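Notes to accompany the following structure.
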Amino acid sequence: MVKVGLTGGIGAGKSEVSRLLASYGAVIVDADKIAREVVEPGTPGLAAVVAEFGEGVLTPDGTLDRPKLGGIVFADPQKLKALNAIVHPLVGARSAELEAAAGPDAVVVHDVPLLTENGLAPLYDLVVVVDAAPQTQLDRLVRLRGMAEDEATSRMAAQATREQRLAVADLVIDNDGPLDALEPQVRAVWERLRSS
C-alpha cells in the first residue's frame with residue numbers, strides 16, 4: 001500500500017485532482033466528505049458541535065447549518081480550534097477504517113485540506129500539493145463558487161500559506177492554468193505513485 005497525502009489551498013483544484021486520481025484507480029479517503037458524515041443528524045459529532053456552539057448552528061430540520069458555522073469559526077481562531085478538536089479525531093478514526101479496508105496493493109490517497117496546518121505530512125509516504133497562486137484561488141472562489149470576496153479571503157487566511165504547503169510537498173501539481181493542462185500532470189503523478 002502507498003499512502004499519499006493530497007492537499008492544496010481552497011480553490012486550488014484539489015477536488016479535481018482527487019477525481020482524476022480516483023478515475024485511474026486510487027482509493028480516495030476524502031477528509032471533507034468524512035467531516036460531513038461525522039456531523040450528520042443523530043451522530044455524536046453533531047451533538048458535540050451543538051454542545052459547543054449552541055442550537056443556532058442547526059437548520060430547522062436539525063442538520064448542521066454549515067454556512068452559519070463557517071461564519072462563526074472562520075472569524076475566530078479559537079472557535080475554529082474548538083471545532084477542529086471535535087471533528088478531527090472523528091475524521092481520523094473513520095479515515096483509518098477506510099484505509100484498512102483498501103487492500104495491500106492499493107494507492108490510498110488521503111484528500112486532506114488541512115494537512116499542512118495540522119502537521120500531518122509525516123503520516124504519508126508521499127505528499128502531493130495542488131498549487132495555485134492566491135489570486136487564482138480567490139478568482140475561482142468568487143467566480144465559480146459564488147463566495148463573497150471577504151468570505152473567500154477569510155477562508156484563505158485561515159489556511160496555511162502557499163509557501164508552507166510547498167514546504168511539505170514531495171510532488172507539486174501546478175493548477176494555475178486551464179483545466180486541460182491539469183490532466184497530463186495528474187497522470188504523471190499517478191504513474192509515479194503506482195511505481196512507488
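Within the set of pairs 6 or more residues apart or between chains, which connect a residue that is among the small types (Gly, Ala, Ser) inside segment 54-72 to a residue that is at pLDDT 95 or above with Cβ atoms less than 6 Å apart?
These pairs meet every condition: Gly62/Pro41.
Quickly run through segment 154-189 and pick out the residues that are open to solvent by 50 Å² or more (accessible area, probe 1.4 Å), part of a helix (DSSP H, G or I) and among the aliphatic types (A, V, I, L, M).
Ala157, Leu166, Ala167, Leu179, Ala188
Here are some conditions: (1) under 22 Å from Val17 (Cβ atoms); (2) modelled with pLDDT of 95 or more. Asp65 meets all but one. Which one does it not meet?
So the condition that Asp65 fails would be (1).
On the given criteria, is Leu114 open to solvent by less than 50 Å² (accessible area, probe 1.4 Å), touching a residue at least 24 places away in the same chain (Cβ under 8 Å) and closer than 22 Å to Gly5 by Cα?
The answer is yes for Leu114.
Listed residues Ile28, Ile86, Ile72; which is under 15 Å from the mean Cα position of the chain (by Cα) and of a type outside the set (Gly, Ala, Ser)?
Checking each option against the conditions leaves just Ile28.
Within segment 122-137, how many residues turn out to be in a helix (DSSP H, G or I) and open to solvent by 20 Å² or more (accessible area, probe 1.4 Å)?
5
Any idea which of (1) closer than 24 Å to Asn84 by Cα; (2) in a loop (DSSP other than H, G, I, E, B); (3) open to solvent by 60 Å² or more (accessible area, probe 1.4 Å); (4) out of contact with any His (no Cβ under 9 Å at 6 or more places or on another chain) is the one Glu151 doesn't satisfy?
Condition (2) is where Glu151 drops out.
The values are calculated or read from the model by the stated rules, or taken from the named source; none is laboratory data. Everything numeric in this text was worked out from a predicted model, so none of it was measured. Ideal geometry is used to build each Cβ from the backbone, glycine not excepted, and the neighbour counts take in all protein chains shown. These area figures cover heavy atoms from the full protein model, side chains too; ligands, DNA and RNA do not enter into them. Shrake-Rupley method; radii C 1.70, N 1.55, O 1.52, S 1.80 Å.
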